[in-house]
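Q: Dropping a structure here in structure tokens format, bear with me for questions.
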Amino acid sequence: MDLRKRTWAEISLDNIEHNYRRIRSILPENCKFLGVVKADAYGHGAVEVSRRLESIGADYLAVSCLDEAVELRDAGIGIPILILGHTPREYVRELIERDLTQTVTCEAKAIEYSREAVALGRTLRIHIKVDTGMSRLGFLTAGGHFEKGVENIVSACRQPRLDPEGVYTHFAVSDEPGVEARRYTEEQFALFQRVIAAVESAGIRFRIRHCANSGAVAGYPETALDMVRPGILLYGFGDGGKLGLRPCMRLMTHVSTIKYIDAGLPVSYGGAFVTPRRTRMGVIPIGYADGLLRSLSNNCSFMTEQGPAPQRGRICMDMCMIDLTDLPQVNLESLIEIFGQRQSAETLAAQAGTISYELLCSVSKRVPRVYVEASAQK
Ligand SMILES: *Cc1c(COP(=O)(O)O)cnc(C)c1O
């Protein structure tokens, strides 16, 4: 079937390139660029996005797990790839053979990885993850944990057959407004620098120190260090309009059925919406199995050439209904934009009580990605 016959996502790699160049333009010279392409590049297609990033000079990529890294290597991506999450020690051989960089989040894992690498007679490249206030992964270093944390990092770095190329931390609130968030982020950054200084005074030298996620790239330029690590900025969101970024995904469908229904009829599962008038109702072939969040039911509109069409009734697995009564020119096969150009993914996400990230990476594998020229998408 023609990819554009049901529901599809138009992806502009040219817009990703545009965003990459905009971000680069505010970085210090010699600052490396790591593009975060986990979760299938936030739904945009990890292989295609990584190929483009590699071809325009990105220095590093990051994914969340080994399988995502292997997908990129199998596709011929050659630049360094950092795995942000855990990899079980049984896969150290694969990490080394695939030339992947593994995050190390505690001393015990460093010891396990080291044993495997020694047995193979080969070296595993690692980045040390420091927990400076996210309370997720990493060596604890805040408050009373400082001394022990530094000691454990030094020990991890000294394990045989590990090459501690990098060290990083992650900000918890760098994308939040307000003085409290600023204070917290600055504290995280200061702690990160104190940890690095203490570890380096024990004779360990990291070649790549990095911490800036999108929020920090946009709001805390002083945190760039040796490399930045943006994700959502690449895909066009999270700069508050400052950088002139462009969205890169447009989720599209079309009107597959139209019928006229009388006033007073319940629509879709649960009958949660009852027609207040005779209604020209369109059925569109997109539902929550495509990634259209069910929590948006009865609380959003989708864009037609003539303007917004209110969505009616519960969103089903494979389809949902839109009210075309006031949009007489919208007909069978008319195009419907769920989000992209006329309606921002950020706006729709807010209506669902979530963020653009979740909406983008919810677009499911049933939805074909169609790569389009920049001119088709501004
Ligand atoms: C996902 C992730 C990023 C990218 O976050 P954005 O907010 O999309 O920039 C950076 N670093 C780590 C460790 C992550 O997990």
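Q: Among G270, G282, G236, which is the only one that is surrounded by 21 or more Cβ atoms within 10 Å (Cβ to Cβ) and either touching a strand residue (DSSP E or B) at 6+ places or on another chain (Cβ under 7 Å) or not in a loop (DSSP other than H, G, I, E, B) (or both)?
A: Only one candidate passes the filter, namely G282.
Q: Just to check your reading of the model, which residue among T253, T223 is crowded, with 18+ Cβ neighbours inside 10 Å, among the polar types (S, T, N, Q), away from the ligand (no atom under 16 Å from the Cβ) and on the phi < 0 side of the Ramachandran plot?
A: T253
Q: Within region 1-113, considering only helices (runs of 4 or more DSSP H) that don't extend past its boundaries, which have at least 1 residues that are more than 16 Å from the ligand (Cβ to nearest atom), free of Cβ contacts under 8 Å to residues at least 60 places away in the same chain and surrounded by fewer than 16 Cβ atoms within 10 Å (Cβ to Cβ)?
A: Qualifying helices (runs of 4 or more DSSP H): 13-25, 46-55, 66-74, 92-97.
Q: For region 206-219, check the following and say yes or no: at least one residue is within 16 Å of the ligand (Cβ to nearest atom), in contact with a Pro (Cβ under 6 Å, 6 or more places away or on another chain) and not in a helix (DSSP H, G or I).
A: no
Q: Also, quick follow-up: Given the conditions (1) within 12 Å of the ligand (Cβ to nearest atom); (2) closer than 25 Å to C65 by Cα; (3) surrounded by fewer than 20 Cβ atoms within 10 Å (Cβ to Cβ), and given that F171 satisfies all but one, which numbered condition is not satisfied?
A: Just one mismatch for F171, condition (3).
Q: Conditions first: (1) over 20 Å from G236 (Cα atoms); (2) part of a strand (DSSP E or B). E337 passes all but one, so which condition is the exception?
A: (1)
Yes/no matrix, rows are residues, columns are (1) assigned by TED's automatic domain parsing to the domain that holds P160; (2) over 18 Å from H170 (Cβ atoms); (3) in contact with a His (Cβ under 9 Å, 6 or more places away or on another chain):
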{"residue": "I81", "(1), (2), (3)": "yes, no, no"}
{"residue": "H86", "(1), (2), (3)": "yes, no, no"}
{"residue": "E90", "(1), (2), (3)": "yes, yes, no"}
{"residue": "D99", "(1), (2), (3)": "yes, yes, no"}
{"residue": "V104", "(1), (2), (3)": "yes, no, yes"}
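Q: Residues being buried (at least 19 other Cβ atoms within 10 Å of the Cβ), closer than 17 Å to R246 by Cβ and out of contact with any Asp or Glu (no Cβ under 9 Å at 6 or more places or on another chain): count how many of those fall in region 335-345.
A: Residues in region 335-345 being buried (at least 19 other Cβ atoms within 10 Å of the Cβ), closer than 17 Å to R246 by Cβ and out of contact with any Asp or Glu (no Cβ under 9 Å at 6 or more places or on another chain): 1 in total.
Q: Right, here's the next one. Give just the number: which of (1) closer than 25 Å to V228 by Cβ; (2) over 29 Å from the mean Cα position of the chain (by Cα) does K148 not satisfy?
A: With (1) closer than 25 Å to V228 by Cβ; (2) over 29 Å from the mean Cα position of the chain (by Cα) applied to K148, the lone miss is (1).
Q: Being in contact with a Phe, Trp or Tyr (Cβ under 6 Å, 6 or more places away or on another chain) and within 16 Å of the ligand (Cβ to nearest atom) narrows it down to one of S356, S362, so name that one.
A: Residue meeting the stated conditions: S356.
Q: Turning to a different aspect of this structure: May I ask you to list the residues in region 176-212 that are polar (S, T, N, Q) and touching a residue at least 60 places away in the same chain (Cβ under 8 Å)?
A: Result: no residue meets the conditions.
The values are calculated or read from the model by the stated rules, or taken from the named source; none is laboratory data. All of these numbers come straight from a predicted model, not from anything done at the bench. Don't worry about glycine lacking a Cβ; one is built from the backbone with ideal geometry, like all the others, and counts go over all protein chains shown.
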